[in-house]
1. Which one is nearest to the ligand (Cβ to nearest atom), of the residues in the stretch 85-111 that are in contact with a Pro (Cβ under 8 Å, 6 or more places away or on another chain) and free of Cβ contacts under 8 Å to residues at least 60 places away in the same chain?
2. What are the residues in the stretch 52-61 that are surrounded by fewer than 21 Cβ atoms within 10 Å (Cβ to Cβ) and away from the ligand (no atom under 13 Å from the Cβ), if any?
3. Starting from residues that are within 11 Å of the ligand (Cβ to nearest atom) and not charged (D, E, K, R), keep the ones in the stretch 37-51 and report whichever is surrounded by the most Cβ atoms within 10 Å (Cβ to Cβ).
4. If we keep just the residues of the stretch 11-36 that are touching a strand residue (DSSP E or B) at 6+ places or on another chain (Cβ under 7 Å) and under 19 Å from E108 (Cα atoms), which is farthest from the ligand (Cβ to nearest atom)?
5. In this structure, is L142 part of a helix (DSSP H, G or I), away from the ligand (no atom under 14 Å from the Cβ) and in contact (Cβ under 8 Å) with a residue 60 or more places away in the chain?
6. Which members of the stretch 190-205 meet the condition of being surrounded by 14 or more Cβ atoms within 10 Å (Cβ to Cβ) and in a helix (DSSP H, G or I)?
7. Going residue by residue through the stretch 233-241, is there one that turns out to be under 21 Å from T151 (Cβ atoms) and among the acidic types (D, E)?
8. Just to be sure I understand the filter: pairs with C-beta atoms under 7 Å, separated by 6 or more residues or on different chains, first member in the stretch 7-30 and touching a residue at least 40 places away in the same chain (Cβ under 8 Å), second member near the ligand (Cβ under 8 Å from one of its atoms) and hydrophobic (A, V, I, L, M, F, W, C). Which pairs pass?
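Values quoted throughout were computed directly from the atomic coordinates according to the rules given, and no laboratory measurement underlies them. Since this is a predicted model, take the numbers as computed values, not measurements. Cβ: placed from backbone, ideal geometry, glycine included. Neighbour counts: every protein chain shown.
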Amino acid sequence: MHSAPIWDPQQYLHHSSHRTRPFLDLLARIPELPAAKEGRPARIADIGCGPGNVTALLAERWPDAHITGFDLSREMLELADKEHAGTTPGGGWLDFRRADAAHWTPDEPYDLIVSNAALQWVPNHPESFPIWLDGLTTGGTLAFQVPANFTSPSHALLGELCETPQWRPRLADQGRRFVHILDATDYLGRLTDLGCTADVWETVYSQLLQGEDPVLDWVKGTALRPVLTALEGDDEAVAEFLSQYRDLLRKAYPPGPHGTVFPFRRIFAIAHKEY
Ligand SMILES: C[S@@+](CC[C@H](N)C(=O)[O-])C[C@H]1O[C@@H](n2cnc3c(N)ncnc32)[C@H](O)[C@@H]1O
């Protein structure tokens, strides 16, 4: 059993504009919530809300909604609370609570349960779909986005480096801790089997990153968290691991004339509980 990775919200936010784009693309496909028809504020849950910046975007689409972000990381929740908790400009309310998505069950009826770039960290999350759908109001929606680039060099090289004789004893599967996704068609099957109208798709973003070793900087905010957590306190080992990984990434993602191209595939799923 591994301990939960320690997150660094500031590092994670380095690439916030690239990381926010898929959330906006997800949001654009979410249908009107039942609350609007019923003339009441919407109730929304954001699972794995991180530093709360995308949670706050929900208040732009549903200004008077009561929105709760749930996350396991105290570091993430601390920043989310500081930056985003409280009343929203449209008269709604934003709050944050600690919860493990693996065991989270809706504590009240929600019009929307949403999750952005978090469920890949939650083994067996599809087994929670029936529970989450049960927790939706009639006409409500479950919507999520997960990264699906685990065979790309950035993530494959991380997994392979952790498996080398030098690192295996300390890191073993730490480089693959976040690989708990299904194929897009499997998500579609699961959600339609549960009686939903489902809209599932994939997008590859051709991201252009700037700066020195930008792919390393990207993964330091996400996929590298378990490795950095496992090596915490051993600065020499961290420096050595990062140096080896950096060399591999430089070869896989050489800088071009306009920056470093870092393609990133993501899966989107929207399940609508029909009236
Ligand atoms: C890549 S961040 C995404 C944050 C935010 N949703 C966003 O789009 O910016 C992944 C988040 O999932 C959270 N997370 C990972 N495993 C979790 C779990 N079992 N329960 C709740 N949150 C979890 C992490 O703490 C982290 O904040």
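1. Here is the first cut: in the stretch 85-111, the residues in contact with a Pro (Cβ under 8 Å, 6 or more places away or on another chain) are 88-92, 102, 111.
Cutting the leftovers down to free of Cβ contacts under 8 Å to residues at least 60 places away in the same chain gives us 88-92, 102.
Working: T88: 18, P89: 21, G90: 21, G91: 24, G92: 19, A102: 5 Å.
So, considering only residues that are in contact with a Pro (Cβ under 8 Å, 6 or more places away or on another chain) and free of Cβ contacts under 8 Å to residues at least 60 places away in the same chain, the one nearest to the ligand (Cβ to nearest atom) is A102.
2. Going through the stretch 52-61, the residues surrounded by fewer than 21 Cβ atoms within 10 Å (Cβ to Cβ) turn out to be 53, 56-57, 60-61.
Answer for the stretch 52-61, where residues must be surrounded by fewer than 21 Cβ atoms within 10 Å (Cβ to Cβ) and away from the ligand (no atom under 13 Å from the Cβ): E60, R61.
3. At the first step, the residues of the stretch 37-51 found to be within 11 Å of the ligand (Cβ to nearest atom) are 46-51.
Among the residues that remain, those that are also not charged (D, E, K, R) are: 47-51.
Numbers: I47: 25, G48: 25, C49: 30, G50: 26, P51: 27.
That would be C49.
4. P34
5. Values: part of a helix (DSSP H, G or I): no; away from the ligand (no atom under 14 Å from the Cβ): yes; in contact (Cβ under 8 Å) with a residue 60 or more places away in the chain: yes.
No.
6. Scanning the stretch 190-205 gives R190, L191.
7. The initial filter retains those residues of the stretch 233-241 that are under 21 Å from T151 (Cβ atoms), namely none.
No, the stretch 233-241 contains no residue that is under 21 Å from T151 (Cβ atoms) and among the acidic types (D, E).
8. If the second residue must be near the ligand (Cβ under 8 Å from one of its atoms) and hydrophobic (A, V, I, L, M, F, W, C), the pairs left are W7/M76; P9/M76; R19/A117; F23/V54.
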